[in-house]
Amino acid sequence: MRPNPEMQREMLRQMQTIRRFEERATKDYIEGDIYGVVHSYIGEEAVAVGVCSALEDGDKIISTHRGHGHCIAKGADLDKMMAELYGRETGYCKGKGGSMHIADFDIGMLGANGIVAGGISIVTGAGLAAQMDGNGRVAVSFFGDGASNAGPFHESINIAAKWKLPMLYVCENNLYAANTASTQTLAHPDVAARAHGYGIPGVIVDGNDIFAVHEAATEAVARARAGEGPTLIECKTYRWGRHTERPTQAEPRPGDEVEAWKKKDPIPRLRAELQQQQGQLTDEEWEEMDREILTKIEAAVGFAKASPFPKPEAALDDVFSEAAP
Amino acid sequence: MREITYAQAGAEALAEEMRRDPKTFEMSTDAEPALLEEFGPTRVRATPIAESAFTGMSIGAAGSGYRPIVNWRQVTFAFVAMDQIVNQAAKIHYMFGGQQKFPVTFRAAVGGGTKLAAQHSQSPYSMFMNLAGMKIILPSTPYDMKGLLKSAIRDDNPVISFEANRLLGFKGEVPDDDYTVPIGVADVKREGADITVVAIAWMVHEALAAAEILDKEGVSVEVIDPRTLAPLDAGTIRKSVQKTGRLLVADEAGPTAGASAEIIALATEDAETFRALKVPVRRVCALNAPIPYSPVLEDHVFPNRQRIADGIRGVMSAG
């Protein structure tokens, strides 16, 4: 069942927010205001938003090194996100984490992670906690096709299936693990096919079709809440940018492949659906929505730039939960 | 006072803490029958042999309000879960800016003497000591075992409880009452005046035996048990060395970048302690080889009371 028009607008707003955030983060990274590395989520927005829109407050997610989109879709604060990228003390992690470690436990976002497949078992533990709490909450693991070849994927899904944990395993299959094509690494082209080995549903969806993602996630969430265990959802998608936004980053992908995927952009797809099929969103309304988003991003950058860097000696804070002796 | 074994002390600590706090639960590849009977399969979970997964799950559950205890059995199996230990558990509180507490206890047996050969006889605690963000206990007596493991389970941070294979059947006095031993506080196991021997786990008992031998030779040996490897109680060690002017460290692990090296660095980099030293410090550790199987070979690789006694004589004769 399709979400109602109001919710569809909200989905569009969130996807465009992710797009604009990533555009700005990339620009500021290349200009030197953001340090380390940025992995842009542009092109994959429908996965994060399609799944998170099927969740409720109290449900939990865990992300990957490409985590900004998941944060925004779960409702993270743009100011605190941008301040973290800028390395400021007002950031989500007080400047300790940066792009690869943004987390917001208050909204159930258990963190981005610099290790491919590193988060899968951690969020499975959150699913175990939800099951023991008996509160009907679910937990979602986002990961890529690369992580699906790693041990924690298989170990965690086996346990979740055996224990019927309220889990969604959402594979963002963007066809490349860093610079290596999944055609070289996946024994079977469909990650979802692996679900059969664990006796759970494995669903393949067009990851650039937000309704398809949302519908699959909604069904999986209902199954999880009903105590029927995990679902593996494979979203076929594509990142527009290279593995990282580092100017020296290699780009092994053929140009025509990239261009073909850009034509499947999930944002105009939803916009066209709203406008043409439902008469819901005029060009003026869309432009207004985009202007509001850009204003918020600009404000987030302003907040980050106006925020102080942490004091150097704060590097010794939070090593443990109690204060250092 | 009643006497129980080191292994029983650990089991009592776990059961008592599980009674005390309903948010505690255990995950391990084997469910201990008595524990399972008392607490049931929801809180005593026999997992698949998937250390990486259940170690990661313990972190996620800890961040979701629970207080998991993971038993890897032998430390060998912890290596299978190293990403979750090193990249996740030790750093997750820090790198997310202290947003959430992660109270999780990891248990693992270390050390040899069991004729289990190279993989299952290891003492790799120093590999974990340089992970800022992880506390490490390594008790040498049933009393310390029970008190330290209780502290570990009650701690709001990830704590590794290393437990000595050789001491599992070792008996000692343990009170019936609830008590804890604080993490980060060394214990003077024997007072002495001429030389400080800092000894770890099984080596504490070998050092105490060596001290008896040396006592008959007119040498007064002070034996210090750090009990906690991270954080190390440098103050107690320095104070003792300032008194005796001599230091020997005995460790069942190899010497290279080991706990023994860290203990000596903490002692000698302190100016007052350095000035008090009359002679060079010395280490009595395992030889630098994987642990072999045959008893003849295994006995040759591990340090023992005779080697400690010889080491003490060497330090004493140096001045």
Task: Residues that are surrounded by fewer than 24 Cβ atoms within 10 Å (Cβ to Cβ), within 12 Å of chain B (Cβ to nearest Cβ), in a helix (DSSP H, G or I) and of a type in the set (A, V, I, L, M, F, W, C), drawn from region A:72-119 - done: A:M100, A:F105, A:I107
Open item on the list: Please determine whether any residue of region A:132-142 is without any contact (Cβ under 8 Å) to a residue 40 or more places away in the chain and either facing another protein chain (nearest Cβ under 7 Å) or assigned to a helix (DSSP H, G or I) (or both).
Closed with: yes
Task: B:A62, sole failed condition from (1) buried (at least 24 other Cβ atoms within 10 Å of the Cβ); (2) more than 12 Å from chain A (Cβ to nearest Cβ); (3) among the small types (G, A, S); (4) over 22 Å from the mean Cα position of the chain (by Cα) - done: (2)
Open item on the list: Taking the condition of being in a helix (DSSP H, G or I) and not acidic (D, E), how many residues in region B:65-115 meet it?
Closed with: 18
Task: Every pair of residues 6+ apart whose Cβ atoms lie under 7 Å, when the first sits in region A:155-174 and is within 13 Å of chain B (Cβ to nearest Cβ) while the second is of a type in the set (D, E) - done: A:K164/A:E228
TODO: Look at region B:285-317 and say how many of its residues are within 26 Å of B:A186 (Cβ to Cβ), in contact with a Pro (Cβ under 7 Å, 6 or more places away or on another chain) and in contact (Cβ under 8 Å) with a residue 40 or more places away in the chain.
DONE: 1
Task: Enumerated strands (runs of 3 or more DSSP E) restricted to region B:129-246, each holding at least 1 residues that are over 29 Å from A:E322 (Cα atoms) - done: B:171-173, B:187-190, B:195-199, B:221-225
Open item on the list: Go through region B:26-45 and report how many residues are within 11 Å of another protein chain (Cβ to nearest Cβ) and not in a helix (DSSP H, G or I).
Closed with: 2
Open item on the list: If the requirement is being basic (K, R), outside the structural domain of B:Y143 (by TED's automatic domain parsing) and part of a strand (DSSP E or B), which of these qualifies: B:R275, B:R283?
Closed with: B:R283
Open item on the list: Go through (1) closer than 23 Å to A:N4 by Cβ; (2) hydrophobic (A, V, I, L, M, F, W, C); (3) in contact (Cβ under 8 Å) with a residue 24 or more places away in the chain for A:A250 and report which single condition fails.
Closed with: (1)
Task: Residue among B:G98, B:G112, B:G63, B:G56 that alone is in contact (Cβ under 8 Å) with a residue 40 or more places away in the chain and either touching a Ser or Thr at 6+ places or on another chain (Cβ under 9 Å) or under 26 Å from A:A323 (Cβ atoms) (or both) - done: B:G112
- [ ] Being polar (S, T, N, Q) and not in a helix (DSSP H, G or I) is the filter; apply it to region A:270-325 and report the residue that is surrounded by the most Cβ atoms within 10 Å (Cβ to Cβ).
- [x] A:S307
Task: Qualifying residue in region A:207-220 (condition: assigned to a helix (DSSP H, G or I), of a type in the set (S, T, Y) and closer than 21 Å to B:E51 by Cα) - done: no
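The values are calculated or read from the model by the stated rules, or taken from the named source; none is laboratory data. Bear in mind that the values here come from a model prediction, so they are computed numbers and not experimental data. A quick note on method: Cβ atoms are made from the backbone with ideal geometry, for glycine too, and the neighbour counts reach across all protein chains shown.
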